[in-house]
Each structure stands twice: as structure tokens, then as C-alpha cells.
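The values are calculated or read from the model by the stated rules, or taken from the named source; none is laboratory data. Owing to the predicted nature of the structure, the values given are computational and were not obtained by experimental measurement. Glycine also receives a Cβ, built like all others from the backbone with ideal geometry; neighbour counts cover every protein chain displayed. Side chains included, ligands, DNA and RNA excluded: accessible areas come from the protein's heavy atoms. Shrake-Rupley method; radii C 1.70, N 1.55, O 1.52, S 1.80 Å.
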Protein chains: 2
Amino acid sequence: MKPTTLKDIAKTLGISVTTVSKALKDYADVSPKTKAQVKELAEKLNYVPNSFAVGLRKKQSKTIGVIIPTMVHYFFSSILDAILKEAESKNYMVIILQSNEDYELEKKQVDLLLNKGVDGILISLSNNTKDFKHLQKIIDYNVPLILFDKIAKLIQCSKVYIDDRQAAYNAVSYLIKKGHKRISHFRGNLNPQNSIDRFLGYKKALEDHGIPFDPKLVYICDNNSDFSDGYLNAKKLIEDHGENVDAIFTVNDLLAIGAINYFNEQGIKIPDEIALFGFSNWFMASVITPTLSSIDQNAYKMGETSAVLLFDEIDCKLKNIPITHKKVVIDTELVIRNSC
Amino acid sequence: MKPTTLKDIAKTLGISVTTVSKALKDYADVSPKTKAQVKELAEKLNYVPNSFAVGLRKKQSKTIGVIIPTMVHYFFSSILDAILKEAESKNYMVIILQSNEDYELEKKQVDLLLNKGVDGILISLSNNTKDFKHLQKIIDYNVPLILFDKIAKLIQCSKVYIDDRQAAYNAVSYLIKKGHKRISHFRGNLNPQNSIDRFLGYKKALEDHGIPFDPKLVYICDNNSDFSDGYLNAKKLIEDHGENVDAIFTVNDLLAIGAINYFNEQGIKIPDEIALFGFSNWFMASVITPTLSSIDQNAYKMGETSAVLLFDEIDCKLKNIPITHKKVVIDTELVIRNSC
DNA sequence: TTGTATGCGTTATCAG
DNA sequence: CTGATAACGCATACAA
């Protein structure tokens with residue numbers, strides 16, 4: 001079965017392709033009668049415009065591209081969920097690519113998207129992206145670009161992100177107000193900015209509340225490892241400090257859950273003997289025992305906001321309105337549960 | 001900045017567009033010298049073929065479409081991960097759509113993909129899809145189609161799925177071999193086939209091992225509810241049967257985790273007083289205390305297999321080799337942990 | 001070995 | 001009100 005074309009309709013109706021095209025678009029200069037005829041037949045033949053042809057003519061694809069480091073992740077899949085829903089409502093399609101934390105791949109994928117003629121691009125950068133020529137290329141091609149979560153400060157485009165430092169600050173301040181004084185931090189690798197900012201927020205909260213920062217309470221964990229790293233560091237923490245530690249703020253929920261497992265196993269009472277605060281508010285945080293307090297990053301809102309911004313810019317471009325880049329900081333939220 | 005076209009290259013080199021086109025494709029009838037010149041300039045100008053034009057000419061897009069019920073789900077995001085990786089390796093792009101368990105939306109999305117000229121389509125059907133005209137349409141348009149996980153038996157196309165019945169049978173048989181005799185089942189809604197098959201597997205395992213099936217031990221849970229439904233039904237189970245029940249096989253991990261929370265809270269020992277077996281092997285199963293035995297559905301392999309089948313069919317179509325539809329049953333695996 | 005002509009399906013311009 | 005024509009960028013059959 002072949003798709004119907006304008007030509008098919010024109011032929012059976014004995015009129016020109018031009019008229020058919022105009023009729024379907026409700027141009028003012030087509031007689032109501034012709035319009036009716038054309039529309040009826042088009043409906044009957046199930047006509048849909050060929051998107052290659054439209055794209056070739058109008059240089060727009062009604063498609064956007066998204067590049068994320070990885071898909072199998074509650075945070076990113078929630079973001080994608082929001083982007084897909086937003087796109088759906090605007091009748092856009094979405095091409096999704098995983099950079100897999102690989103800079104070269106990310107670069108190649110940008111080329112693919114540009115080549116594909118997408119109307120806009122959303123990117124959350126790979127941890128290994130230090131060079132931004134590929135992003136500049138997008139801008140040079142005049143394709144709207146929004147960076148989210150993992151952003152590059154120097155690139156001239158709209159950005160959507162959370163304030164990791166502030167969020168960490170809030171969590172640690174909460175622990176302090178609850179009376180905790182010896183607060184450990186399980187931090188991530190030195191590398192990604194997120195991890196640095198969360199550490200800085202932790203440190204600042206201590207300082208602002210007159211609690212001396214003790215580097216011995218900071219444990220560096222492997223970001224990509226599974227939760228067993230949390231378990232192991234919890235063990236180490238107790239070995240190193242015994243009762244001279246009363247809380248842990250972890251850079252993500254997974255580490256906290258590993259630690260919870262260790263404490264449960266050892267009969268160390270949470271939160272009485274040690275309190276815990278995670279980061280990200282994975283679904284898991286609400287089902288573990290005890291339930292884990294955590295910082296909700298509002299992934300859905302981040303995705304939604306990014307998509308809305310992108311469609312705005314696409315719109316502006318179509319209407320030749322100059323684009324003003326925006327920076328949106330998404331609110332995070334302390335979700336207090338039973339671990340502190 | 002405008003993308004380079006064949007015309008640009010032809011003009012600066014003073015040759016025809018045809019020659020440029022052929023040179024880039026290494027046609028035999030272009031002189032090595034011309035080829036070299038063309039390629040060099042193309043490289044320099046960063047030439048990439050305009051995909052709209054190519055699509056219009058060749059009627060293929062190097063793009064496939066995927067429709068899934070929902071994205072924010074460990075199972076589906078793992079499948080997508082595999083599909084994206086497979087597509088990446090074949091230099092294909094992937095358009096992802098969420099049907100959101102809505103039949104009308106699914107239908108519309110099929111039209112969009114067809115209209116978009118994708119080279120193939122992968123679908124996991126919505127629970128509410130009872131009518132398959134939209135799938136037939138894909139086949140009528142001669143676009144390769146693979147159904148995975150939630151399939152329609154009557155449609156003539158390749159399918160990739162697990163044997164839910166067998167998997168459930170295996171899990172329950174395991175519980176029986178461990179000495180459990182009063183095994184409850186927390187089943188899903190009556191509606192999706194998965195849920196029915198898992199129930200049937202449960203029942204068959206009992207029968208085959210000479211254990212009478214007791215309908216009072218079967219609890220119907222709301223599929224879309226959160227884990228609290230598992231908690232509530234566990235409570236009910238104990239109220240109804242007291243010690244006269246020694247294991248539960250749940251239709252998914254979430255319900256099992258809800259139940260675990262209840263038992264932990266009540267000091268009911270797992271697995272001594274009651275054993276648990278889940279289904280799906282969510283990440284959570286390995287971090288909960290006690291860790292939960294579950295059935296791994298091999299999501300990654302399912303995605304990979306589906307994608308490989310699709311690319312095979314696309315290939316056959318290009319080469320005019322007749323397509324033979326395949327049915328692939330993905331192996332499931334009992335993952336035994338501490339809950340039984 | 002190179003180039004000309006044609007068409008893919010649509011839309012915009014302009015003439016009738 | 002209608003339609004002929006050109007153009008988008010590329011690929012191919014056919015000439016030269």
C-alpha cells in the first residue's frame with residue numbers, strides 16, 4: 001500500500017496539485033466547494049503530507065533531539081518522560097540518544113542530529129565533556145539549544161539546572177538543627193561538578209553553624225559503583241570513628257541505602273545512633289526500612305521546563321523574534337522521612 | 001551558517017552535481033583524481049547529506065520508531081537502553097513515544113511514525129489495546145514491525161516475549177521444593193495478559209506438585225498502585241490466614257516489597273515464618289532487607305533481540321529477500337536471594 | 001570519465 | 001479563484 005500524495009488527489013479530482021495543497025491549508029483564495037471536495041477525498045484516502053518533502057521545503061522537521069548520558073536511571077527517565085509529554089502536546093517527535101558518558105560519542109550524536117535537521121536540541125552533558133566546540137556548532141547552525149542538569153557555564157544558550165550547593169547546604173543544615181554535630185559526608189568522585197558542589201554545600205553548612213569541618217569525616221566513593229560502596233564506607237566509618245559520628249550526608253541515595261544495610265545488619269539504630277540524608281530521592285528511598293530522607297531534584301519539572309524553553313525558542317526562531325537565553329534554577333525539596 | 005550541499009562543492013570545483021554525488025559514493029566511473037578533490041573539499045566544508053532530500057529520494061530515513069507504555073520503569077528503560085545501543089551500532093536513530101497505556105494515543109503515534117517515514121517500528125502494546133487495525137496498517141504499508149513484551153498473538157509479525165506462565169511456574173515450584181505448602185499469590189488486575197499468565201503458572205505449579213489450589217489465598221492487587229497495596233494485602237493475608245500461610249508469590253517486586261515492609265514492622269520473620277518471591281527483578285530487590293528473590297526478565301536481552309530482528313527485517317526488505325517472522329522467547333531466570 | 005535530465009512530494013510565487 | 005512553474009537537495013538512468 002502506497003501513501004496518498006497531493007498528486008493522487010489532484011488527479012482524481014481533475015484539479016491542480018497547487019489547489020489541493022492550498023485547499024488543505026484553508027487558503028482564503030480557494031472556493032469553499034473545492035475545499036470541501038478536496039478535504040473529503042483527502043480524509044477518505046487517509047492523506048498525510050510526506051514529511052521528507054515538507055522538511056526539504058520548509059527546513060523544519062517537527063522533531064527535536066535529546067542527548068543524555070544514560071537512560072536507565074530514575075532521574076533521567078523522569079526527565080525524558082516530561083520531555084516526551086511536552087513534545088506530544090506540541091505535536092513534536094523526539095529522537096533520543098545516549099552519550100554513555102563518552103565525549104566522542106556525544107560529539108558524533110550532535111552531528112547526527114544537526115544532519116537530521118532537528119528543530120532543536122536538548123543536552124545533558126557527559127561527565128567527560130570538557131570541550132564545547134560541538135555545542136558551539138549547534139549555535140552556529142542557528143539551532144535552538146537547551147542544556148539541562150549537566151551544563152556548560154560558558155556556552156551561550158538557555159540552561160536548566162538545580163543548585164546542588166544550596167540543596168546540600170539545606171540538607172546538612174537540617175541535620176545540624178536536629179542536633180547532629182559530627183556529620184560525615186560520603187562524596188562522589190572529584191570529577192563531576194555536581195559532586196563538588198554538594199561537597200561545598202556540606203562544608204559551608206558546617207561552617208555557618210560553627211561546626212568545625214573535619215576532612216577525616218569525608219569519604220570518597222566511586223560514583224559508578226553500586227550500593228556496596230555505601231556499605232563498605234559505612235563499615236569503615238564506624239571502624240574509624242566509632243560513636244564519634246552521628247550522621248551521614250551522602251551524595252546520592254544509593255550510597256545511603258548501602259549504609260543503611262550495614263547499620264541494620266550491625267544493629268546500629270537509625271536515626272538514634274546515626275542519622276542519614278540522601279540525595280536524589282530515588283523511588284527506593286521511600287521503600288527502604290527505615291525510609292530515607294532525601295533531596296528531591298524535581299526531575300519531571302526539569303524536563304518539562306527544558307522542553308518548554310526549547311519550544312519557545314523554536315517558536316521565536318520561526319517568527320524571527322530575537323531569542324533571549326534564560327537560566328532556570330529548579331527548586332529542590334527536602335523530603336524528610338524516618339532516617340533522620 | 002548554512003550546511004554545505006552537493007551544489008556548493010560542484011560549483012567551487014567547476015564540475016557537475018552528479019559527479020560530486022558519485023565521487024562521494026566511490027562509484028567506479030569517476031576518476032581517482034576527481035574523487036580525491038571532491039572528498040577533500042567535502043571534508044573541509046564539513047559536508048553531510050541532507051537527510052530530507054535523501055529520504056525523499058530513497059524513501060528511507062535511517063530512523064526507527066519505538067512505542068512503549070511508559071518510560072519511567074526499570075524494565076522499559078533497560079529495553080530502551082538496549083535498543084538505543086543496537087541502533088547506534090547500526091547508525092540508526094530512534095524516535096521514542098510513550099502511549100501512556102492509552103489506545104487512542106498509541107494509534108495516533110503509529111500514524112505519526114508511518115508519516116515520518118521510519119524504516120521500522122517496535123511496539124510494546126498498551127494494556128488497553130484490544131483492537132489491532134493500527135498494527136495491520138503498519139504491515140499494509142510494508143514497514144517492518146516487531147512486537148515485544150506486550151504482544152498481539154493474532155498479528156502477523158515477529159514477536160519477542162517471555163513465557164510468563166513458565167516463569168511463574170518455576171518460581172512457585174521453587175517455593176514448593178523449599179517445603180512451602182500454603183503459598184499465597186498477590187496477583188495483578190484481571191486485565192493484562194501477563195497477570196493472567198503468571199496466575200496460571202502459579203496454579204499449575206501447585207497442581208503439578210499435588211498442592212490443592214485455594215482461591216482464598218489469591219489476592220487481587222491494583223497494578224498501577226504503589227507498593228502500599230502490597231503492605232495492605234500482607235496485613236489482610238495475616239488477618240485472614242494467620243500462620244496458615246507460609247509463602248507469597250507476587251506478580252511484581254513492588255508488591256513484595258510492600259509486604260516485606262509490613263512483615264518487618266510486625267516482626268514476622270522472613271523467610272522463616274513467611275517466604276517471598278517477586279517478579280521482575282527490579283534493582284530494588286537487591287537492596288531491600290531481606291533481599292528479595294525474584295524473576296529476572298532479561299529486559300536488556302529482550303530489547304537487544306527485538307532491535308536485531310527489526311534491523312534484519314529492514315535489511316531483508318532492502319535486499320528484496322522475503323521476510324520470515326520469528327517468535328523469540330527470552331529466557332527468564334530465578335534470582336534466589338534471602339527472602340526464601 | 002563526465003554531465004544532462006528527471007523525479008521524489010511539497011510549497012511559494014506569480015501569472016492568468 | 002485556479003494553475004503553471006520553480007525550487008528544496010539528492011540520486012539515478014541515460015547520453016555524450
- Item | Test result for B:Asn244, touching a residue at least 40 places away in the same chain (Cβ under 8 Å) and surrounded by 21 or more Cβ atoms within 10 Å (Cβ to Cβ) | no
- Task: Test A:Val94 against the stated conditions and say whether it is touching a residue at least 24 places away in the same chain (Cβ under 8 Å), assigned to a helix (DSSP H, G or I) and either away from DNA strand C (no atom under 11 Å from the Cβ) or open to solvent by less than 10 Å² (accessible area, probe 1.4 Å) (or both).
- Result: no
- Item | Members of region A:25-47 that are of a type in the set (A, V, I, L, M, F, W, C), within 13 Å of DNA strand D (Cβ to nearest atom) and either within 14 Å of another protein chain (Cβ to nearest Cβ) or part of a loop (DSSP other than H, G, I, E, B) (or both) | A:Ala28, A:Val30
- Given the structure, is B:Ser16 open to solvent by less than 60 Å² (accessible area, probe 1.4 Å), more than 14 Å from chain A (Cβ to nearest Cβ), within 9 Å of DNA strand D (Cβ to nearest atom) and in contact with a helix residue (DSSP H, G or I) (Cβ under 8 Å, 6 or more places away or on another chain)? yes
- The one condition A:Ser61 fails out of (1) hydroxyl-bearing (Ser, Thr, Tyr); (2) under 23 Å from A:Leu145 (Cβ atoms); (3) out of contact with any Ser or Thr (no Cβ under 9 Å at 6 or more places or on another chain) is (3)
- Message: For region B:30-55, which positions are surrounded by fewer than 11 Cβ atoms within 10 Å (Cβ to Cβ) and within 12 Å of DNA strand C (Cβ to nearest atom)?
- Response: B:Ser31, B:Pro32, B:Lys33
- Being more than 24 Å from A:Asn91 (Cα to Cα) and of a type in the set (S, T, N, Q) is the filter; apply it to region B:82-101 and report the residue that is nearest to the other protein chains (Cβ to nearest Cβ). B:Asn91
- Does B:Ser61 fit the bill of being open to solvent by less than 20 Å² (accessible area, probe 1.4 Å), within 11 Å of chain A (Cβ to nearest Cβ), closer than 21 Å to B:Asn298 by Cα and of a type outside the set (A, V, I, L, M, F, W, C)? no
- Message: Just to be sure before I move on: is B:Asn252 away from every other protein chain (no Cβ under 14 Å) and either surrounded by 15 or more Cβ atoms within 10 Å (Cβ to Cβ) or modelled with pLDDT under 95 (or both) in the structure I sent?
- Response: no
- If you go through A:Tyr103, A:Tyr74, A:Tyr27, the only one that is more than 16 Å from DNA strand C (Cβ to nearest atom), hydroxyl-bearing (Ser, Thr, Tyr) and open to solvent by 50 Å² or more (accessible area, probe 1.4 Å) is A:Tyr74
- Message: Residue under question is A:Asn128, and the condition is that it be open to solvent by 10 Å² or more (accessible area, probe 1.4 Å) and either facing chain B (nearest Cβ under 10 Å) or in contact with a Gly (Cβ under 8 Å, 6 or more places away or on another chain) (or both); does it hold?
- Response: no
- Among helices (runs of 4 or more DSSP H) entirely within region A:223-323, at least 3 residues that are farther than 30 Å from A:Ile146 by Cα occur in A:228-241, A:253-266
- Of all residues in region A:174-197, which are out of contact with any His (no Cβ under 8 Å at 6 or more places or on another chain) and farther than 14 Å from A:Asn127 by Cα? A:Tyr174, A:Leu175, A:Lys177, A:Lys178, A:Gly179, A:His180, A:Lys181, A:Ile183, A:His185, A:Phe186, A:Arg187, A:Asp197
- Note on region A:123-158: residues within 18 Å of A:Leu318 (Cβ to Cβ) and either in a strand (DSSP E or B) or of a type in the set (Phe, Trp, Tyr) (or both) are A:Tyr141, A:Leu145, A:Ile146, A:Ser158
- Filtering region A:48-63 down to residues that are within 11 Å of DNA strand D (Cβ to nearest atom) and not in a loop (DSSP other than H, G, I, E, B) yields A:Phe52, A:Ala53, A:Val54, A:Gly55, A:Leu56, A:Arg57, A:Lys58
- Query: Taking A:Lys108, is it within 16 Å of DNA strand D (Cβ to nearest atom) and surrounded by fewer than 21 Cβ atoms within 10 Å (Cβ to Cβ)?
  - Reply: no
- Item | First in region B:311-340 and more than 30 Å from B:Lys178 (Cα to Cα), second anywhere and outside any loop (DSSP other than H, G, I, E, B) and not aromatic (Phe, Trp, Tyr), Cβ under 6 Å, 6 or more apart | B:Ile314/B:Gly120; B:Ile323/B:Glu313; B:Ile323/B:Cys316; B:His325/B:Ser158; B:Lys326/B:Ser158; B:Lys327/B:Lys159; B:Val328/B:Val160; B:Val328/B:Thr305
- Note on the structure: Within region B:266-293, the residues that are within 14 Å of chain A (Cβ to nearest Cβ) and either open to solvent by 40 Å² or more (accessible area, probe 1.4 Å) or polar (S, T, N, Q) (or both) are B:Gln266, B:Gly267, B:Ser280, B:Asn281, B:Trp282, B:Phe283, B:Ser286, B:Thr289, B:Thr291
- Taking the stated definitions as given, is B:Leu114 more than 19 Å from the chain's Cα centre (by Cα) and within 10 Å of chain A (Cβ to nearest Cβ)? yes
- Hey, any hits in region B:184-207 for a residue that's part of a loop (DSSP other than H, G, I, E, B), assigned by TED's automatic domain parsing to the domain that holds B:Ser280, over 22 Å from B:Asp149 (Cα atoms) and not β-branched (Val, Ile, Thr)? no
- Task: Answer yes or no as to whether A:Gly210 is open to solvent by less than 30 Å² (accessible area, probe 1.4 Å) and not assigned by TED's automatic domain parsing to the domain that holds A:Asn127.
- Result: no
